[in-house]
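Contents: one structure, followed by commentary.
The values are calculated or read from the model by the stated rules, or taken from the named source; none is laboratory data. Keep in mind that what you see is a predicted model, and the values were worked out from it rather than measured. All Cβ positions, glycine included, derive from the backbone under ideal geometry; neighbour counts span all protein chains shown.
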Amino acid sequence: MRLAVKHKAAQKKSRHRRELILSKLGDRSIVLVGLMGAGKTVIGRMLSKRLKLPFVDADQEIETAAGMSIKDIFSEHGEAYFRDGERKVIKRILDNGPQILATGGGAVMNKQTRDAIAIRGITLWLKADLNILMERVSRKNTRPLLQTDNPRAVMKKLLDERYPIYGLSDVSVISRNVQKRTIVTEAVVNLCEYLCHEEDPSANASSQKTDKDKPRKQKPKSP
């Protein structure tokens, strides 16, 4: 009986958080950012189910638009070409919120993309340490930037370059080797906390908020 009561209370709390997030989110997207291997696609899909929102993978949308894989885009056209297409695709996707949007690791390094997300979305950073990232990405050989003799050195360089930008995110969660539903729950709690204390989101579009003037509400919590 006690377990049933606790389960019912947990469901009620989860439903309350979901309703609060959706009411505060409006037509904006929850945009997942982080390095390759952080779990943006997996966590994004689970978060979309938890919040009952559509899930969109920016990389898949780019491949559909280009008619080829990201690996082939890099190989045939180069990274600059890919990044320009990525920027355009993400800008288009952001017009279709609310939704959960998983972005590629380098997407928010483009300032135009960051500014578009600042206006049309809430950023959620999945932060993971180098060892965890390398453990995860070693399972696949489809990462164009890691097609090198020393992928760990490349990943370390990307971490050093990108983490200061990821650190501008509205919300963050530590991505680590625990049950994925734990990460999702932490993301929901942190999103709820951020949105409860956020200024009127309608002011974002009118003021064209960018990196420089966007307030930072949260830092990653330790496991």
With respect to the numbered conditions (1) modelled with pLDDT of 95 or more; (2) more than 16 Å from the chain's Cα centre (by Cα), which one is the sole condition not fulfilled by Arg120?
(2)
Of (1) in contact (Cβ under 8 Å) with a residue 60 or more places away in the chain; (2) touching a Lys or Arg at 6+ places or on another chain (Cβ under 6 Å); (3) more than 27 Å from Asn141 (Cβ to Cβ), Arg50 fails just (2)
Close pairs from segment 54-70: first without any contact (Cβ under 8 Å) to a residue 12 or more places away in the chain and closer than 20 Å to Val31 by Cα, partner surrounded by fewer than 18 Cβ atoms within 10 Å (Cβ to Cβ) and among the small types (Gly, Ala, Ser), Cβ under 7 Å, at least 6 apart:
Glu63/Ser69
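So that you can scan it fast, the table gives a plain yes or no per residue for (1) at pLDDT below 90; (2) under 21 Å from Lys91 (Cα atoms); (3) touching a Pro at 6+ places or on another chain (Cβ under 7 Å):
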{"site": "Gln11", "(1), (2), (3)": "yes, no, no"}
{"site": "Asp27", "(1), (2), (3)": "no, yes, yes"}
{"site": "Leu35", "(1), (2), (3)": "no, yes, no"}
{"site": "Ala58", "(1), (2), (3)": "no, yes, no"}
Taking segment 52-95 on its own, how many of its residues are within 21 Å of Gln112 (Cα to Cα) and in a strand (DSSP E or B)?
2
Search result, residues across segment 96-110 that are outside any loop (DSSP other than H, G, I, E, B) and either among the hydroxyl-bearing types (Ser, Thr, Tyr) or surrounded by fewer than 22 Cβ atoms within 10 Å (Cβ to Cβ) (or both)
Asn96, Gln99, Met109
